[in-house]
Amino acid sequence: MYKMCKRFSITFLAIFLAVILAGFLFLDNVGMNYTMSEAQLTDLPKATIARKEKYEETPKTCLLLTDSSMENNDVLSVHLREVLEDMRVGYVIVDIALEEIPDFSLYKTIVLVFQNLDLLGEKSIELCQWVQQGGGCMLFCTPEPTAVYRYLAPYMGVKEGGISYSEIQGMNLKEGLMIGGTDFNFHWGDPMAVAMNVQLNDNASVYAESDDDSKIPLLWSAECGEGTWVVNNHGFAEKATRGLTCAAYSMLEETCIYPVINASAFFLDDFPSPVPMGDGTYIRRDYNRDISSFYSNVWWPDMLTLCEEYGIRYTGMLIEDYSDETDGVFPRQTDTERFEHFGYMLLDNGGEIGMHGYNHQPLCFTGFDFKDEVDYNTWPSEETAESAMREAFDYLDTLYPENTAAVYVPPSNILSEEGRTFLKEHFPQIKVIASLYLEGEIEYSQEFEIAEDGVIEFPRVISGAILDQYMRWDALNTLNLYYVNSHFMHPDDVLDEDRGAADGWEVLFGNLCDYVDWLYTSAPNIRNLTGSDAGRATARYDILSIERTDTRDEIRLRLDGFWDEAWLMARCNGQSIVGVTGGTLEHIGDDYYLLHATQDQVRIELEGE
Ligand SMILES: [Zn+2]
């Protein structure tokens, strides 16, 4: 009896274990094995999004002198206005071709956005005195060798030169100018910039020089009495160089403070999506696998290592089907296994899944001109576009019920004006649109902001895994102005020769690792956010304006539009921060500090040098 009992219990145990195991296998198959991470930020209440109006009231501490008779005046002055607005610096713009130059004593900083300094006339003497008494003056463009230039040159740190110019083909950044910019080389090759040949005095600090043997100073600052001159001896004034302008401007004040977004976001476009069948030339060459096996066993495990190592949180952008249908019916995707496999792992690793489209046809309606850039169909009506999008949302929500799809990435970053309005009207669940930062031929380009209709624009700045010097230059500039990294790539980059396929995945992934390593070394305290959290962070940044009061040993900030937190960059040139109330301060590198404001009033205690 006892024996039987024992045998029975062993059998029972075996059956019990088998049932448990089967249960696990079943659950695994059903696939409910992912845990969504909590959002890090909440949506802002509508009432707080009164946006930017407060900025208009910011005290005008900066004088921008422009010359409308100069050929490229519009480009230069628009560029500066954009940077100053992003930095929440209040400014007055005066066109010296038409208006009188105002009294300098009303301002803390002055930016000269013209080349012919003779236009200053006798005011140049006053300007010099104003700097000596503690003002900060920046020359934004390479000056002409005029009489006033020769008068001002010694004060601006110039020892000799200034009569000839050289074509510049590249630039080296030096230590202390930009976050992550030390020894950064940008070699554009074609001689598209011109710089004045100068030699500088010892009181000048060079922050950028030409990358040829002549080492022409391209950006320097010079102490002058109590004040500072900053001279830009180059012609950069593009959207991609705003960070450089911000870095140059921020040297004019002893402590420069500007709001930042503080977000690092990595988007995976077309992921999850139907995995291509068959072979890719270079995947077969390097891995002897088909594409499907490569994605599961090489590409995705590699990508996941970056989550473990750096805490990256991917935002995957779903495509349900690759048909080019824009009319008729939009059937449900039947092959869901890959969607579950990749999607669950992405979510389980702190990620989020947003909407890229039912298929890859951009939201552009009949009559939209793709300008031979791409081969897509337009949608004949809002009804067809809506039924396709509804199907895709329903599919996405069914697959990942815990995930809220709040981010939209336009296919190929193309989105017509009508498509933009259509989205807002029919799919209010979309809170963030993530397209491109830099302008393209037909792409939808954006600023980091809340749009007029309340949708948040969080553009992507760089892409892919070639990550050449242009991409890195864009990334460096965005990091400095917004404290943002915004990158996207596709799983099928490894199939496309234009995106580096022939190099092979090992090289491409090496580039990506190298970039990521640079990013988190340069910006060790940047936040890893999903697309929707990055959007929420952008909203907090966009509605913020700063009222600042300086005394000898402290700076007081009143943050208008503050909701629950704000991030600010503090660049300390002549002072050290010894204490903060209303927030915390963390050193980034060189003179840069990241200020996390947790109250709308912040007090910064200083110690002069
Ligand atoms: Zn795509």
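The values are calculated or read from the model by the stated rules, or taken from the named source; none is laboratory data. It should be emphasised that the depicted structure is a prediction, and the values quoted were computed from it without experimental measurement. Please note: Cβ atoms are built from the backbone with ideal geometry, for glycine as well, and neighbour counts cover all protein chains shown. Side chains are part of the model used for accessible areas, which takes the heavy atoms of the whole protein and leaves out ligands, DNA and RNA. Shrake-Rupley method; radii C 1.70, N 1.55, O 1.52, S 1.80 Å.
How many residues, within segment 138-179, are of a type in the set (A, V, I, L, M, F, W, C) and more than 26 Å from the chain's Cα centre (by Cα)?
Selection size over segment 138-179: 9.
Given the conditions (1) within 16 Å of the ligand (Cβ to nearest atom); (2) touching a Ser or Thr at 6+ places or on another chain (Cβ under 8 Å), report the number of the one that Met277 does not fulfil.
(1)
For residues in segment 360-388 being within 16 Å of Thr421 (Cβ to Cβ) and within 28 Å of the chain's Cα centre (by Cα), which is surrounded by the most Cβ atoms within 10 Å (Cβ to Cβ)? Spell out the reasoning first.
If we filter segment 360-388 for residues that are within 16 Å of Thr421 (Cβ to Cβ), which is where we start, we get 362-368, 378-379, 381-383, 385-386.
Of the ones still in play, those that are also within 28 Å of the chain's Cα centre (by Cα) are 362-364.
Values: Pro362: 24, Leu363: 26, Cys364: 24.
So, considering only residues that are within 16 Å of Thr421 (Cβ to Cβ) and within 28 Å of the chain's Cα centre (by Cα), the one surrounded by the most Cβ atoms within 10 Å (Cβ to Cβ) is Leu363.
Would you kindly identify the strands (runs of 3 or more DSSP E) lying entirely within segment 49-140 that contain at least 1 residues that are outside the structural domain of Glu452 (by TED's automatic domain parsing) and basic (Lys, Arg)?
60-66
Could you give every pair whose Cβ atoms fall below 7 Å, whose first residue belongs to segment 350-378 and is within 25 Å of Lys431 (Cα to Cα) and at pLDDT 95 or above, and whose second residue is among the charged types (D, E, K, R) and within 11 Å of the ligand (Cβ to nearest atom), counting only separations of at least 6 or pairs across chains?
Pairs that qualify, where the first residue is within 25 Å of Lys431 (Cα to Cα) and at pLDDT 95 or above and the partner is among the charged types (D, E, K, R) and within 11 Å of the ligand (Cβ to nearest atom), are His356/Asp269; His356/Asp270.
Could you please let me know if Glu449 is touching a strand residue (DSSP E or B) at 6+ places or on another chain (Cβ under 6 Å), assigned by TED's automatic domain parsing to the domain that holds Gly354 and of a type in the set (Asp, Glu)?
Values: touching a strand residue (DSSP E or B) at 6+ places or on another chain (Cβ under 6 Å): yes; assigned by TED's automatic domain parsing to the domain that holds Gly354: yes; of a type in the set (Asp, Glu): yes.
Yes, satisfied.
Any residue in segment 373-393 that is in a strand (DSSP E or B) and either within 15 Å of the ligand (Cβ to nearest atom) or of a type in the set (Phe, Trp, Tyr) (or both)?
yes
If I ask for residues that are outside any strand (DSSP E or B) and of a type in the set (Gly, Ala, Ser), which ones from segment 148-167 would you list?
Ala153, Gly157 - these are the residues of segment 148-167 that are outside any strand (DSSP E or B) and of a type in the set (Gly, Ala, Ser).
Within segment 407-429, how many residues are more than 16 Å from the ligand (Cβ to nearest atom) and open to solvent by 10 Å² or more (accessible area, probe 1.4 Å)?
Residues that pass the stated criteria total 9.
Ala405 is checked against (1) in a loop (DSSP other than H, G, I, E, B); (2) modelled with pLDDT of 95 or more; (3) of a type in the set (Gly, Ala, Ser); (4) over 26 Å from the mean Cα position of the chain (by Cα) and fails just one. What number does that condition carry?
(4)
Output the residue which, of all residues in segment 248-269 that are open to solvent by 10 Å² or more (accessible area, probe 1.4 Å) and acidic (Asp, Glu), is nearest to the ligand (Cβ to nearest atom).
It comes out as Glu253.
Within segment 317-343, restricting attention to residues that are among the aromatic types (Phe, Trp, Tyr) and assigned to a loop (DSSP other than H, G, I, E, B), which residue is farthest from the ligand (Cβ to nearest atom)?
Phe330
Which condition breaks for Pro401 when tested against (1) within 30 Å of Tyr34 (Cα to Cα); (2) away from the ligand (no atom under 16 Å from the Cβ); (3) crowded, with 16+ Cβ neighbours inside 10 Å?
Exception for Pro401: condition (3).
May I ask you to verify whether Leu346 is assigned to a helix (DSSP H, G or I), touching a residue at least 60 places away in the same chain (Cβ under 8 Å) and assigned by TED's automatic domain parsing to the domain that holds Asp279?
It is true that Leu346 is assigned to a helix (DSSP H, G or I), touching a residue at least 60 places away in the same chain (Cβ under 8 Å) and assigned by TED's automatic domain parsing to the domain that holds Asp279.
Checking Val432 against (1) away from the ligand (no atom under 15 Å from the Cβ); (2) over 20 Å from the mean Cα position of the chain (by Cα); (3) hydrophobic (A, V, I, L, M, F, W, C); (4) open to solvent by less than 10 Å² (accessible area, probe 1.4 Å), only one condition comes out false. Which one?
(2)
Take Glu452 and tell me if it is closer than 30 Å to Asn33 by Cα, open to solvent by 30 Å² or more (accessible area, probe 1.4 Å) and not in a helix (DSSP H, G or I).
no
Mind checking which residues of segment 256-291 are at pLDDT below 95 and either among the polar types (S, T, N, Q) or within 28 Å of the chain's Cα centre (by Cα) (or both)?
Thr281, the sole residue that qualifies.
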